[in-house]
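To start, the structure itself, in structure tokens.
What follows draws every value from the coordinates through simple rules; no lab data is involved. From a predicted model like this one, the values you see are computed outputs, not experimental measurements. Quick reminder, even Gly has a Cβ in these numbers, built from the backbone with ideal geometry, and neighbours come from all protein chains shown.
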Amino acid sequence: MASPAPPARPDAPGDDDGALVARARDGDYGAFEALVRRHQRRVFAVALGVLKNPAEAEEAVQETFLSAFEHLGTFRGEARFSTWLHRVASNHALMKLRKKKPDPQGDLVDLEPQLSRAATRTEGTSPFDALSLWARRPDEAAAAHEVQDALEGALGQLAPDDRALLLLRSIDDLSHEALAEALQMTVPAVKSRLHRTRLLLRALLDDRLRGKPPPESPRSTG
Amino acid sequence: MSRDDHHDHHDHGAVDCRRLVDLLGEYVDDQLPADQKQAVERHIDQCAPCVAFLRQYRFAAAATRDVMLAKVPTELEDRLLSFLRDRTRR
């Protein structure tokens, strides 16, 4: 007779995702909930960054973990659980976005003119502390509301796929290889796209903090 | 002197300002070969505008993490666990 599944335990220190997945697959619902607790904030943050809508982001998170539960039996750890989870989450979020009408705030920017200026204008003075700090010590400017608002606005100007790439890297700290797997890209393409996206985000943030209006001729970066 | 002038006319060894911008992604992700990493760091040691640019490049990407995580609702975990228990008949 098969022994019963071990009793549910909280997310014990030392339990890695693989051990929790194995227990969850054996019927330990507590292990599944431990996985949910461990990953839900980061999955939501990535979905929100892509969708820009909290209710839709929460739906994407629900669908992601429901899908994870339904597929536990087929998950054999050939890929890290977190990579698998974030691939599902980013696909859910991007599919939701593509089903919607074009974003009425559609202010995606043309990449090339921004990148041509990407290496310019780090010097200068400003009457605003936030901008002055941004120029000298950006890490110390992070608490300023102007900087947080500008950062959120700049992030929203990136193409959805680029937002997903950037957020999966910065929030989930996925490796280039894991990003390539999660987003169905090659590793060199991930490196190149990630670098261009970071350059663009820096340039857009710099523009916003300097009070430059958004681009007049919006178009997707594709 | 403008930043463009700086780029056009200064070169601190094997890596100039424009080349540094090209290498930043691999530098911050610690993917550069040792010799290129050292060349980047030699340049940064001598170039204040590139130090500022590097800080901004790092900050813009890293701060997105804090901005997005700060928006996670405190009730999300409870709502999500409840939704999943309901949908999985727990």
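In this structure, A:Ser67 and B:Asp66 have a Cβ-Cβ separation that, at R0 = 30 Å, corresponds to a calculated FRET efficiency of about 0.60. The Cα center of region B:43-90 and the Cα center of region A:34-91 differ in position by 15 Å. Looking at region B:29-90, the GluC sites (Glu not before Pro) that sit in a DSSP loop and have at most 10 other Cβ atoms within 10 Å of their own Cβ are B:Glu75. In plain terms, the residue of B:Thr74, A:Thr64, B:Thr88 with the fewest other Cβ atoms within 10 Å comes first and the most crowded comes last, giving B:Thr74, B:Thr88, A:Thr64. Residue pairs exceeding 27 angstrom between C-alpha atoms, taken from A:Lys100/A:Lys191; A:Lys99/B:Lys71; A:Lys52/B:Lys37: A:Lys100/A:Lys191; A:Lys52/B:Lys37. Counting neighbouring Cβ atoms within 10 Å and putting the fewest first, the residues A:Asp173, B:Asp66 line up as A:Asp173, B:Asp66. Shown here for region A:21-90: trypsin sites (Lys or Arg not before Pro) in loop regions (DSSP other than H, G, I, E, B) with at most 14 other Cβ atoms within 10 Å, namely A:Arg76.
Of B:His43, A:His145, the sequence from fewest to most neighbouring Cβ atoms within 10 angstrom is A:His145, B:His43.
Using the Cβ atoms and a cut-off under 15 Å, what net charge is assigned to the surroundings of B:Gln31, where Lys and Arg are +1 and Asp and Glu are -1?
-2
Take each residue in A:37-50, count the other chain C-beta atoms within 10 Å of its C-beta, and the mean is 4. Counting Cβ atoms of other protein chains within 10 Å of each residue's Cβ and taking the mean over peptide B:21-30 gives 4.
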